[in-house]
Structure formats: C-alpha cells, structure tokens
Amino acid sequence: MSIHGMMANTETLLFLGWAASAGLQKTAIEAQEEVVRTRRPCDEKTVLSAQLTFSSPPVFELDSVYGPVYEALFSYRLDRVEFNLVGWALRGFNAVYLKPEGGSQRIADDTDGYSTPETGLLWEQISESRLLLKTKRLMRDCRRDLRRGAQALRLHFTMRAPLILRTPECPFIFQEFISMSLAAVNWIELSCLVLDIPYDPQDAATIDEDATGEDEAMQLALLKEMLWTNYASFGELSQVPIFSQEVVNHCLTISEHCQDAYEGIRDLEEASAVYKRHEK
Amino acid sequence: MNKHPHGANGETLLLFSWLCTQDLTTQWRNDQQARPWKYPVRAQPWQEQHLTVFPEELIHQHVTDALQGLHADPLYGPAFEALVRYRLVFVDIDRIAWSIELHEQTAAMCALYYATDPYYSQPGDYAGRHQTTELADEVDAFWQAASSHEPLVQRWKWLRETCGGDVCLAARYLQAFFLWYADHARRKLQAPFFVWELLTISLKKMDWHALASRILNTISTEPCICSPLQAGDFLGKPVVALPDFAIRAITILSNEFSS
C-alpha cells in the first residue's frame, strides 16, 4: 500500500501532535476496524474530538460570562482541523506536510465584512453579552484613544483566558487554538466596533498598536481590576444562602486574599516597586 | 512534486506541531536577507526560482529560544533543560524541515505520519548525519546537569542525610517532588507547550531508583517493594493537600519552605 503526502494546515498538525501524544492512534485504528466490521462510514471528527472533550477538565463551563467567548474562539479553530487527515496520519495510511493557508485563501473565508473572521466572531460574542458594557467602559477609560483601546482590549482578553489552560490537566491544544484566534483578531477594528465608529483600514495602518510604552501601566491596571473584581465577586458569593458554612469560609478567605493583594500592589505602586526592572 | 512519506515518533510530531504555530515565513525571509549565499538565485530570468527546503538551522534556533524560558528557574532550570534536550535527540529535525512548504519560499520533500515502530524511536538520523548522544538515559541527562549545579549541592546533601542509604525512600521523595515541581514550574515559567510535553515524557521515563542511587552514592541491596506513585495525587494540589512524605520532599529539595 503506498502512502501519499497530503498538505495540511496549522490546526490539523497541532491536533495531530496532540492526538499522537495523547495515545489516540489506538482509538483511530479501532474506529477504522469498526467501519470495516459494520460497513458504516467513519466520522473521524466525532471520534477524535470526542476524545478531546473526554480527556479534558471543564475549560469553558466555569465562567458563564467569558467561557462562551473563549469556547467560540476555540471552536472556530477546531472546525478548521481536517480530521480525515489526522485519522490517516495516526493510522499510517497517509502522511502530512505543512502548507499554511496563504493570505488569498483567508480572504476567501467568510469574514462577514470584518477584516478577519476572528474579529467578527469576538465582536459577536461581546455584543450579545454582558461584555458589551464592560468593553465600552474599558474604551471610555482609554479616553476613546483607538491605540490605547486596542491595547486594552487585547490585554483584557489575553489575561482573562481561563487559568486552567496553563495547567497540565488541560491539553495544550486548548491554549494554542485560543492564542491563535486571539492573535488573528484586529483589535483596532474591534475598538471601532465597541465605540460604534467607522473602521478605516487606512487609518488603522498608521496606528502602531504594538507600541509598548504604556503596556506596563495597562497590564498593572488590568491586574488591579481583576483583583478588585474577584474581591467583590467572592464576597458576594459568600452571601449566597444555599452554600454551607465551609464554602462561605473559603469564599471569604479568597476575597480577603484578593483584597490584601490589591492593597499590597497599591503600596508597591506608591513605592515604585511594581515592575521587575525595579528589582535590584 | 511527490512527497516522500516517513514515519515520525510522538516527540517529532510535537515539535512539528509547535513549529507550525511560529512565523516561519518571516524567519525564512530574514535568514535569506542575512545569508543570501545559502539561497540559490535564478540562473536565467525565465527559470523558476529553485526552492530549497526549510533550513534546519532555523529550527534549532527556534528550539534554543524556546528553552530560554527554563533559565528563569535558577534551581532546576538547567536539569529540566538537560531532560528536554535529551528528548530532542529523538526528534527527527531534518525531516521536520523537509516537511515545511512555504509559498514561493521552500519546497517540502517529505510528509510525516505517526509511527510507533521502535525504529522511529531511535535518535534521529539520516544519511550518516546523526543526532546522537553520549547520555545513556534520562538519569544520565539529569545527573550530568544536576550533579555540578551549585545551588543543588546542599539539596543532595540534605537528601542523603534524610534517607541514609535507603534508595527506595529517596526514589519516592524524588518522584513525588518532581511530579509536583514540574506542574508548579509550568504555571510559573514561560515556555512553549512542546517543552513541557517533552519534559513530562522524560520525567515519566526516569528511573527514580537509579537516580536515587547516584545521589545517595549507594546501590540498594534490598529488594524494591515500591508501589508506583500516581500523578493525580500531586498535580494541581496545594502543598498542604499533599501526602506527608511529599511535603517533606518539597521541604528538602526546593526553596518553597527550606531555610
């Protein structure tokens, strides 16, 4: 039997790398044997992606506000995986090489009028949820400066990614797919959408979104905001009447820790000791 | 052009999948500007540019950059890097390079499929060029880095004093500690996923009794009755939730609680 080399995109090769390390070759072979036995076609996507769900902790379910956002960004990438290629490569039926999709092919994708599909996807998630008010407030804090707003949005959604992504319990493919999606978002365009002003690609080209001068201050502001929000959120949760006293105590402990951390960082800020460059 | 299919082990596919997420196009372009003599030009105007394969030196550069993240750990960073580099010997970097096709830049000569045949688990080699190693196994790789690393000398002394000549006890401490510490390091240090995956593979293959023997400088004469430790007992757990012997191991072997 001859093995052919088939071109594959980044998402397919990432999934293949994960599937091989997760021991899914056996699953792919058993699925194929089932096909031969029952003479029913094999849905590689169902077989292989089910293993991903089965082997993972709840990544998106724990946060009802942000969870759906990251799940949408992840699912967009997962839909681009060519599962038949993954199945073939796992079983040694065919081989794969990297041929990334070029710019023209991405333009051919259905972007619904947005500069990238990921921008449209994220905007859809924001505009249909409580996040709209939050992002509008973020932009207001940036005094409607598109560059600062774009930086703020990028940092906000990068830092809000579920912490469980960075643990060994969570397959690396979750973090990689979400990072790829976030990297493809046009944050300038997203800022315009939040501010409800027209987006001009020509203007966007002149805005240096990656200027790092104010990046430090923005990250610090986001860190403090997260601590304060969690202090308040866990404090509120401790008041929920259905929880046992032990659960209430845990919530209060976390809330106190967040408050202590917030005040500690504020003290460090006043002493100009927040950043690594301040360390001697 | 037909691609030559070749089997690839899990480690090779892991590195390949990570490389796919990097900006290889820009890296290639920068390299072409920096080293134009390595990229053949058209002899005649009507000839297609001869596309070469992706330079494997660029892959080695990527890997070196990726391992920098481990340097932020002054205690076990060098040992972890040694374990990852040992695993990288089994990666077929040449064939990864030959499996990358970039538009108008590189041509792929090869395509990869997953293979568990022991042939593909040997150090990567092709036509006489070998990624070889003088290290016998993971214990060798770890000990070569850790035995001479000054910050760890006191740790090994404490382990010897605590365990005496009990190799099984020291092995248990070491395994529990590194199961917990690798998880802890992953949350703290910035390194790509393939570094952690390869480190995990090396730690799973580690012969903890052999390592313990080296540290204690003794060979156990008693039959080993150790039961294997379960990773789930350590991953994601705060220190206070760990078994007592694991807490003791952490106290001896890390900066977390030691004076």
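Table for the structure above
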| quantity | calculated |
| --- | --- |
| Which listed pairs, of A:LYS136/A:LYS224; A:LYS26/B:LYS3; A:LYS99/B:LYS204; A:LYS136/A:LYS276, have C-alpha distances above 29 Å, in listed order | A:LYS99/B:LYS204; A:LYS136/A:LYS276 |
| Added length on full extension, which subtracts the Cα-Cα distance from 0.36 nm per residue, A:ASP260 to A:THR46 | 72.4 nm |
| Sites A:GLU34 and A:SER75 - FRET efficiency at Förster radius 22 Å, r taken between beta-carbons, to 0.05 | 0.25 |
| Choice from A:ILE265, A:ILE178, A:ILE242 with maximal GNM fluctuation in chain A (Cα, 10 Å cutoff) | A:ILE242 |
| Neighbour-count ranking [beta-carbon atoms within 10 angstrom, fewest first] of A:GLU189, B:GLU134, A:GLU61 | B:GLU134, A:GLU61, A:GLU189 |
| Averaged over B:101-113, number of beta-carbon atoms from partner chains that fall within 10 Å | 5 |
| Chain A: relative contact order in percent, alpha carbon pairs under 8 Å with at least 6 residues between | 19 |
| Relative contact order of segment A:48-193, pairs being alpha-carbon contacts under 8 Å that are 6 or more residues apart, as % | 35 |
| Computed over segment A:5-130: relative contact order in percent, which uses C-alpha pairs under 8 Å that are six or more apart | 41 |
| Considering only the protein assembly as shown, percent of DSSP beta bridges that pair antiparallel, nearest 5 | 25 |
| Mean Kyte hydropathy of -1.0 or more with a Cα span along the axis of at least 24 Å, helices from DSSP in chain A | A:215-237, A:245-270 |
| Distance (nanometres) between label positions extended 7 Å along Cα→Cβ at B:GLU104 and B:LYS188 | 4.8 |
| Extension gain from A:LEU223 to A:SER56, taking 0.36 nm per residue of separation minus the Cα-Cα distance | 57.4 nm |
| Ranked packing of A:158-171, B:175-188, B:5-18, most packed first, by mean Cβ within 10 Å | B:5-18, B:175-188, A:158-171 |
| Length gained when the stretch B:ALA136-B:ASP166 is fully extended (0.36 nm per residue, less Cα-Cα span) | 8.4 nm |
| Residue order, fewest to most beta carbons within 10 Å, for B:LEU229, A:LEU121 | B:LEU229, A:LEU121 |
| Peptide A:90-96, shielding by other chains (average Cβ, 10 Å cutoff) | 6 |
| Inter-chain Cβ neighbour average for residues A:3-10, partner chain, 10 Å | 5 |
| The protein assembly as shown: calculated mean residue ellipticity at 222 nm from DSSP helix runs of at least 4, using -39500 (n - 2.57) | -17500 deg cm²/dmol |
| Packing-based exposure ordering (other Cβ within 10 Å, fewest first) of B:ILE225, B:ILE247, B:ILE215 | B:ILE225, B:ILE247, B:ILE215 |
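No lab work stands behind these numbers, since they all come straight from the coordinates. Just so it is clear, the model here is predicted, and its values are computed rather than measured. Methodologically, a virtual Cβ is constructed for each residue, glycine included, from the backbone with ideal geometry; neighbour enumeration extends over all protein chains shown.
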